[in-house]
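Below: the structure, in structure tokens.
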Amino acid sequence: MDTEQFRALLARYNNNTATDQERAWVEQWYEKLHGADLIPEETNLKNQLYSRVKEQISIDQPAPVQVSKFRKLYPWIAAAAILCVLFNIGLLYFNKATGSNTPQSAEMVHAAANHTIAPGSNKAILTLADGSKISLSDAGKGKLADQAGVVVTKAANGGLIYKITGDSHTAAKYNTISTPRGGQYQLLLADGTKIWLNANSSLTFPTAFPGDSRRVSLQGEAYFEVAKDKSKAFFVKTGQTEIRVLGTHFNIMAYEDENYQHTTLLEGSVEISKGIEKSLLKPGQQARTAASSSLIRIRDIENPEGVIAWKNGYFQFEKSDLHSLMRQISRWYATDVLYQGEIPRKEYSGKIPRTVNVKTLIEMLSYSGIHCRVENNKIIVSER
């Protein structure tokens with residue numbers, strides 16, 4: 001049964017035209033997710049998925065016909081259950097771009113019963129201008145430092161805030177925030193720019209911007225919402241490029257272990273430079289550069305929001321090769337990925353919550369034909 005057939009089945013269920021067998025099938029799926037035998041992690045995931053789709057379902061679906069106790073109490077939940085399990089809203093929908101989706105049997109899913117691999121969380125190290133270091137995951141809320149008229153505060157939501165409180169027109173003092181594998185962090189610069197830092201990344205930036213420009217340096221991946229200031233252009237320096245903006249939203253993925261750096265524009269405009277080459281990006285476009293070439297390749301992308309799914313709590317893959325996919329997983333779960341045997345060259349598309357434990361992650365990957373298991377706190381990918 002393909003996606004359109006599932007949608008048709010849901011429509012028949014909600015307008016009371018499904019057969020008894022079809023109704024039983026839908027309700028069995030719901031009971032499977034709604035039952036008390038789910039482990040706590042699966043229950044938490046189910047609740048997250050339900051809350052995300054509830055609003056969409058309530059908007060898209062007409063008022064249900066109340067013909068049974070089940071439909072009266074849970075019409076949108078039943079639809080959400082099917083969508084969660086069978087489509088890309090989150091649970092076990094993970095398409096191969098080349099091939100069909102056939103779930104594997106439970107015997108083909110292997111995971112260690114007791115392991116220490118866990119999804120990432122908000123954690124980072126802040127290095128101040130004097131070289132002192134602060135563990136942001138251990139630090140309490142409130143004031144962390146005062147540097148040349150700029151106060152650094154850890155907010156109630158765990159984010160980092162830089163605020164000018166005195167005379168900041170002295171020589172710039174630079175800080176660096178670094179996330180480990182399995183970490184992410186958010187900060188607000190003194191000019192009002194918001195930055196989300198992905199796992200295994202670092203950002204070096206001044207505590208204030210007294211000069212005629214705003215300059216930061218990035219290694220890894222970050223999403224920027226740059227505060228508008230026409231008098232001070234904002235520059236992001238990476239190992240390959242320099243990006244110039246006045247006020248815009250964009251994402252830079254510049255990991256050293258990736259073949260390419262990707263700069264994706266969601267709003268506004270940016271100019272990307274590599275050596276003597278320069279290109280201007282428009283919203284919905286992505287620039288790709290390689291260390292071995294001076295070229296800047298620009299392409300339109302269908303779903304720019306998918307590029308920043310990591311910021312919103314998801315892995316989202318769009319025709320990704322297996323190694324690229326697993327590198328993202330390796331960074332977020334802070335674990336090494338090893339390969340055994342000849343791994344087929346295929347492309348994968350799908351969406352997975354970044355909150356799931358490694359056992360659930362492996363089960364999700366198995367639906368795409370990716371065979372994984374955990375050994376010695378490493379993820380092993382094999383032919384079978």
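The values are calculated or read from the model by the stated rules, or taken from the named source; none is laboratory data. Owing to the predicted nature of the structure, the values given are computational and were not obtained by experimental measurement. Cβ atoms come from the backbone with ideal geometry, glycine included; neighbour counts cover every protein chain shown. Side chains are part of the model used for accessible areas, which takes the heavy atoms of the whole protein and leaves out ligands, DNA and RNA. Shrake-Rupley method; radii C 1.70, N 1.55, O 1.52, S 1.80 Å.
Annotations
- Residue count for the stretch 364-384, restricted to those that are part of a loop (DSSP other than H, G, I, E, B) and open to solvent by 10 Å² or more (accessible area, probe 1.4 Å): 6
- Selection count, the stretch 225-246, where residues are touching a strand residue (DSSP E or B) at 6+ places or on another chain (Cβ under 8 Å) and more than 19 Å from P283 (Cβ to Cβ): 8
- Residues of the stretch 116-129 that are open to solvent by less than 50 Å² (accessible area, probe 1.4 Å) and outside any loop (DSSP other than H, G, I, E, B): L126, T127.
- Residue, farthest from the chain's Cα centre (by Cα), within the stretch 249-296, restricted to residues that are among the hydrophobic types (A, V, I, L, M, F, W, C) and part of a loop (DSSP other than H, G, I, E, B): I276
- Looking only at the stretch 130-142, and only at residues there that are within 19 Å of P206 (Cβ to Cβ) and surrounded by fewer than 17 Cβ atoms within 10 Å (Cβ to Cβ), the one that is nearest to the chain's Cα centre (by Cα): K133
- All positions within the stretch 147-170 that are surrounded by 12 or more Cβ atoms within 10 Å (Cβ to Cβ) and of a type in the set (D, E, K, R): K154, K163
- Here R181 passes the criteria (1) in contact (Cβ under 8 Å) with a residue 60 or more places away in the chain; (2) open to solvent by 50 Å² or more (accessible area, probe 1.4 Å); (3) touching a Pro at 6+ places or on another chain (Cβ under 8 Å) except the one numbered (3).
- Single residue of the stretch 334-363 satisfying the filter (more than 23 Å from N122 (Cβ to Cβ) and not in a strand (DSSP E or B)) that is least open to solvent (accessible area, probe 1.4 Å): I362
- For L280: the one exception among (1) touching a residue at least 40 places away in the same chain (Cβ under 8 Å); (2) out of contact with any Leu (no Cβ under 6 Å at 6 or more places or on another chain): (1)
- Filtered residues of the stretch 168-224 (kept if hydroxyl-bearing (S, T, Y), part of a strand (DSSP E or B) and under 27 Å from the mean Cα position of the chain (by Cα)): T176, S178, T179, Y185, S201, S202, T204, S217, Y223
- Candidates are the residues of the stretch 236-252 that are touching a residue at least 40 places away in the same chain (Cβ under 8 Å) and open to solvent by 10 Å² or more (accessible area, probe 1.4 Å); the one that is farthest from S294 (Cα to Cα) is G239.
- Condition check for S320: over 20 Å from V226 (Cα atoms), without any contact (Cβ under 8 Å) to a residue 12 or more places away in the chain and either open to solvent by 20 Å² or more (accessible area, probe 1.4 Å) or not in a loop (DSSP other than H, G, I, E, B) (or both): no
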